[in-house]
Amino acid sequence: MNLTSILENADFRFAGKTALVFGDRRITFAHLEKDANRVAHALIKMGVKKGDRVAMMQASNPEFVTVFFGIMKVGGIAVPLDSRYVGDELVSLFNDCTPMVFFIENPPFESLLPSLNRLKSVKHIITVNAEPDKRFGSYREIIGKYPLSSVKTAVNPDDIAIISYTGGPTLKPRGVALSHRNVYTEVINSAIGFEQTEKDVMMLFALPMYHQFGLTAVLLGSLHTGNTLVAVPGTGRSVDSFMEAVEREKGTIYMGVPYIYSLMINVARRAGIKHDLSSLRLLISGGAPLEPVVIERFKEVYGHDIRDIYGQTESICHVTVMPIHGAGKTGSSGKTLPCWEMKIFDGNDNEMPAGVEGEIVLRGPFMTGFYNKPEATAKALRNGWLHTGDIGWMDKEGFLFITARKRRILILKGQNIFPADIEEVLSGHPKVAEARVVGAIDLVRGETVKAMVRLKTGETATEQELRQYCQGRMADYKLPREIVFVDKIPSEIPLWRRPQNPVAADLTLEGKD
């Protein structure tokens, strides 16, 4: 199994067909394959060899696809990154994975310029969609200069193909190492589980390609089956443009996060605009808990069911899905896909019976481990099982119900946030004695970040002061939405727990991007 084969096979079967629509650009499978070969030749010229890391901080566009497969063709390891990382976060990540080459778009190229000289392992910086700069290489130059002849490096199926960073319980980054076998198996799983064919039109919106959900289930799944992927630029503010694209392109499948489905409901309810989404045959929600009220209201407005899935980066993507055909169960994330086995364990790794809550553990094509983190790997992968850190239960029919998290982690718009990251930054403020971060349930965003702060004796501070201090020290999506000053922080605070009978069903879905 070699991920390079996904694009090669698609080019062989569907060369002249449109593979990717991005704005007014329509790119064929043959075009993607040729440009990926050009990138591969350039990487060879730069000295990239099998096993070398190549970092990518790029948007969800055709260039992401060709750079990713160019890396695969030379046997390199792709490190897709969130473009919202700030300088200190980027330096920390690069110290961990030591990439040799860095592809970066603008934005965030200009804002990160002061930090680029701190990336000690990087020998070549390649700008993508940025003005030419003699100090750095250029993607445009690569496409115009290098040959399009085929490149393919032999790899072992268990060789690492991707390092995907999820953060960690401390400020030390944790890269999830995924092999060619891991990812390819999940791509096939996704294609079969969602019954994808070359006739489908896959929609991509507000789910970045650097995210394993967007990369594996959407991008690679689409290329594997030979369907057309329509990538709509923008964030939640552009949800109207997304729905217009569904109408225009006759999209058949959309995989997104609960946040977007809530915004789609709001468009119809507040603006009175109801787009024609009748071409869609499958709507999938992942990356964060999907509340039953969102499913119910979406069905009322658009007449479509949303099927919830469950997974995490360590499991490559999703491991459960609500059945495509037949009735599901309210509050459930579905049943396991082929190749996966799921159980519920107690604190001593004993299997729990149906209906009893415990930690969700998985067996299947999960990660090879945390990159350069043998102790963390040994803790997560015990006796052949991936311990997810999520709490839930299964009924007698095998439907999964998630109720809480063992790990201290929040999910905002599908993005993982580790409270320890924010707490450490806040605690670094000279006036702060102690900080604690928790999640507040928001039906639109998923969870929002709330910080409780105890100041040092005699000190005073404002929310704005602490928020400004945090800016530039962490990615913007991690910034606390609310900061509360307290005299004492309780020793035991529930970080998050999914309500069993959410009163949220009576609330109005509101929210802004």
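The values are calculated or read from the model by the stated rules, or taken from the named source; none is laboratory data. Nothing here was measured: the structure is a model prediction, and the numbers come from that model. Don't worry about glycine lacking a Cβ; one is built from the backbone with ideal geometry, like all the others, and counts go over all protein chains shown.
Mind counting the residues in region 47-99 that are of a type in the set (S, T, N, Q), modelled with pLDDT of 95 or more and crowded, with 18+ Cβ neighbours inside 10 Å? Of the residues in that region, 4 qualify.
For region 377-434, the set of residues classified as assigned to a loop (DSSP other than H, G, I, E, B) and either aliphatic (A, V, I, L, M) or without any contact (Cβ under 8 Å) to a residue 60 or more places away in the chain (or both) consists of Asn383, Gly384, Lys396, Lys406, Ile409, Gly428, His429, Pro430, Lys431, listed by residue number. Could you please let me know if Ser164 is at pLDDT 95 or above, hydroxyl-bearing (Ser, Thr, Tyr) and touching a Gly at 6+ places or on another chain (Cβ under 8 Å)? Judged against the criteria, Ser164 is a match.
Do we have His304 as without any contact (Cβ under 8 Å) to a residue 40 or more places away in the chain, in the same structural domain as Leu400 (by TED's automatic domain parsing) and over 26 Å from Arg363 (Cα atoms) here? Answer is yes for this residue.
If the condition is being over 16 Å from the mean Cα position of the chain (by Cα) and in a helix (DSSP H, G or I), then region 295-335 contributes Ile295, Glu296, Arg297, Phe298, Lys299, Glu300, Val301, Tyr302. Filtered by the rule that a residue be more than 25 Å from the chain's Cα centre (by Cα) and buried (at least 17 other Cβ atoms within 10 Å of the Cβ), region 346-395 gives Gly358, Met394. Selection within region 100-132: residues that are of a type in the set (Ser, Thr, Tyr) and modelled with pLDDT of 95 or more. The member of this set that is farthest from Ala177 (Cα to Cα) is Thr127.
Condition first: more than 16 Å from the chain's Cα centre (by Cα), crowded, with 24+ Cβ neighbours inside 10 Å, of a type outside the set (Asp, Glu) and assigned to a strand (DSSP E or B). Can you find one or more residues in region 218-226 that meet it? Scanning region 218-226, I find no residue that is more than 16 Å from the chain's Cα centre (by Cα), crowded, with 24+ Cβ neighbours inside 10 Å, of a type outside the set (Asp, Glu) and assigned to a strand (DSSP E or B), so the answer is no.
Residues in region 360-376 that are in a strand (DSSP E or B) and in contact with a Gly (Cβ under 7 Å, 6 or more places away or on another chain): Ile360, Arg363, Phe370.
Looking across region 272-292 at every residue that is assigned to a strand (DSSP E or B) and of a type in the set (A, V, I, L, M, F, W, C), the one that is surrounded by the most Cβ atoms within 10 Å (Cβ to Cβ) is identified as Ile284.
Selection of region 114-135 for residues being touching a residue at least 12 places away in the same chain (Cβ under 8 Å) and either outside the structural domain of Ala36 (by TED's automatic domain parsing) or part of a loop (DSSP other than H, G, I, E, B) (or both) yields Arg118, Leu119, Lys120, Ser121, Val122, Lys123, Asn129, Ala130, Glu131. Residue-level analysis places Ser164 among those that are buried (at least 24 other Cβ atoms within 10 Å of the Cβ) and outside the structural domain of Lys373 (by TED's automatic domain parsing).
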